[in-house]
Amino acid sequence: MGSKGSTNSRTNGNRPGPGEAKPIAIYHEHPDWFRPLFAELDRRGVPWVRIDASQHQYDIATREPEYALLFNRMSPSAWLRGNGHGIFYTLNYLAHLEELGVRVVNGLRAFTMETSKALQLDLLESLGLPYPRARVINHPSQALVAAEYIGFPLVVKPNIGGSGAGIRRFNNLAELHAAIEEGSIDLGIDRTGLVQDFVPARGGAIVRVEVLGGKFLYAIRIELSGEGYNLCPADICQTTQGEELARAACPVDAPKTGLKVEGYTPPREVIEAVERIMEVAGIEVGGVEYIVDDRDGRLLYYDINALSNFVADAPRVVGFDPFARLADFLIEEASYEPLEKSLVAEAR
């Protein structure tokens, strides 16, 4: 199993024995988000291991791949949990794995896009898709110049975000100038940020479209609370009818966001646009968020995510368990023998 490449990197999964098939590796940093996936892999009895992206090492000289497939679940919000070092490390590790010919789901191209909101907007521009007007800056002082182009209200956000971290709204020049003077604008760990038009959401909601294998899986409409920018699907605690949702992917004591969610079917042209975005970005499992500008009715894409922990209590919200389908996808991509039909049917 190549212990040189992964010292202190794994916790238990279904570890293969000597001579057995190479395992599926789940490379992640968040302690809770992917528990439903682990349970699904256990149900199927396939060999799999967890890799702790916050404490890891690999040996350049080891050229024999350890894994049948590696699923990259590293989060750009890791810096909020003291694990920001793992973000830049992951770029190197994914490049190493791909050089060895390991099948990586959400590989280097996807994670590069995940960790740069500037690159995301470049991608949208190249595809001719609408997005909130923005300027990219590398110092808080540059927000004043950018504001002349953007106008107010506007938001300043870190290039490497995650869970709405560091996003601030400014309603006028005086507010922005004061924040710059007091040094309270944080551009995040790569010291790069976006100054972007603040878009009032029509109906007070945004839509997140999820893909699996690069193809449409489901969409949800999220009613905004107006209290922050964390739209983590697994953190949403109510349906739009006010019914409590079971959040199996988050800690029991996770704070409730007040957000409400419902299943939603976007227009066909939106689904096609999202699939095209993901194809170009190299993202096989993830989501794209869009908003309808209440000022003029324009649909604007604003966030591309290579990490998706799926909506809480998905069977109630969208009618099926996406983790079961994700497990099927990973098993198929790892080229394992087909499972018994009865087991797959039960899992779905």
message = Step by step: first the residues of segment 255-266, then only those that are part of a loop (DSSP other than H, G, I, E, B), modelled with pLDDT under 95 and over 24 Å from GLU114 (Cα atoms), then the one that is least open to solvent (accessible area, probe 1.4 Å). Which residue is that?
response = GLY258
ask   = What number goes with the only condition from (1) touching a residue at least 60 places away in the same chain (Cβ under 8 Å); (2) among the aliphatic types (A, V, I, L, M); (3) more than 24 Å from GLY82 (Cβ to Cβ) that ILE150 does not pass?
value = (1)
task = State yes or no: is VAL344 farther than 14 Å from LEU212 by Cα, surrounded by 21 or more Cβ atoms within 10 Å (Cβ to Cβ) and modelled with pLDDT under 95?
result = no
note = The lone condition GLU332 fails out of (1) open to solvent by 20 Å² or more (accessible area, probe 1.4 Å); (2) part of a helix (DSSP H, G or I); (3) touching a residue at least 24 places away in the same chain (Cβ under 8 Å) is (3)
inquiry  = If a residue must be over 29 Å from GLU262 (Cα atoms) and assigned to a loop (DSSP other than H, G, I, E, B), how many such residues does segment 160-213 contain?
reply    = 12
remark   = Expected single match for open to solvent by 30 Å² or more (accessible area, probe 1.4 Å) and either among the charged types (D, E, K, R) or in contact with a Lys or Arg (Cβ under 7 Å, 6 or more places away or on another chain) (or both) among ARG44, ARG35 is ARG35
task = Scan segment 34-53 and give yes if some residue there is within 27 Å of ALA165 (Cα to Cα), touching a Pro at 6+ places or on another chain (Cβ under 9 Å), among the aliphatic types (A, V, I, L, M) and in a helix (DSSP H, G or I), otherwise no.
result = no
request  = Filter segment 140-199 down to residues that are closer than 18 Å to LEU224 by Cβ and of a type in the set (D, E, K, R) and give me whichever is most open to solvent (accessible area, probe 1.4 Å).
outcome  = ARG169
request  = Could you check LEU129 against (1) closer than 11 Å to ALA306 by Cβ; (2) open to solvent by 30 Å² or more (accessible area, probe 1.4 Å); (3) of a type outside the set (Val, Ile, Thr) and say which number it fails?
outcome  = (1)
note = Filtering segment 267-287 down to residues that are within 16 Å of LEU121 (Cβ to Cβ) and either in contact with an Asp or Glu (Cβ under 7 Å, 6 or more places away or on another chain) or part of a loop (DSSP other than H, G, I, E, B) (or both) yields ILE283
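For every residue, the table says whether it meets (1) open to solvent by less than 10 Å² (accessible area, probe 1.4 Å); (2) touching a residue at least 40 places away in the same chain (Cβ under 8 Å); (3) within 25 Å of PRO130 (Cα to Cα).
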site: ARG268; (1), (2), (3): no, no, yes
site: GLU272; (1), (2), (3): no, no, yes
site: ILE283; (1), (2), (3): yes, yes, yes
site: GLY287; (1), (2), (3): yes, yes, yes
site: TYR290; (1), (2), (3): yes, yes, yes
site: LEU299; (1), (2), (3): no, yes, yes
site: ALA324; (1), (2), (3): yes, yes, no
site: ASP328; (1), (2), (3): no, no, no
site: TYR336; (1), (2), (3): no, yes, no
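The values are calculated or read from the model by the stated rules, or taken from the named source; none is laboratory data. As the structure is a prediction and not an experimental result, all values here were calculated from the model. Ideal geometry is used to build each Cβ from the backbone, glycine not excepted, and the neighbour counts take in all protein chains shown. Heavy atoms of the whole protein, side chains included, go into the accessibility calculation; ligands, DNA and RNA do not. Shrake-Rupley method; radii C 1.70, N 1.55, O 1.52, S 1.80 Å.
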